[in-house]
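The numbers here are math on the coordinates, done by the rules we state, and not lab data. It should be emphasised that the depicted structure is a prediction, and the values quoted were computed from it without experimental measurement. Every residue, glycine as well, gets a Cβ built from its backbone with ideal geometry; the counts of neighbours run over all protein chains shown.
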Amino acid sequence: MSNEFKKKLDKLKRKQSETAIKFINTNQNKISAGLGLKISMDFIVSIVVGVLIGLGLDKIFSSNPVFFIIFLLLGVIAGFLNLYRTVIKIENKK
């Protein structure tokens, strides 16, 4: 092989490896963003559902915010439990 051909071939290989690295980094960022969105949505939805159930029960039974407080706390606990389960799954995959 001629020297010029080797240089062109090396340049092409470097370009391909740079493109592959950019692709991997882009996919890693998408995975991280998706995981962050999943964790935050799990946490927020648990709290919102707990609040709505508590408000509904307070309205049905005409009570002061007894059920609201109880189900708010249950929603927060459920949110943290979902967060914990997700982190455990991530740790097991590594």
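Worth a mention:
- Taking Cα centre as origin and charging only the Cβ of basic (Lys, Arg, +1) and acidic (Asp, Glu, -1) residues, the dipole magnitude of the chain rounds to 960 debye.
- Options (1) 49, 26, 15; (2) 58, 21, 21; (3) 89, 24, 11 - which one matches Cα extents along the principal axes in Å as calculated here: (3)
- Charge context of Phe67, other residues only, Cβ under 10 angstrom, K/R +1, D/E -1: 0
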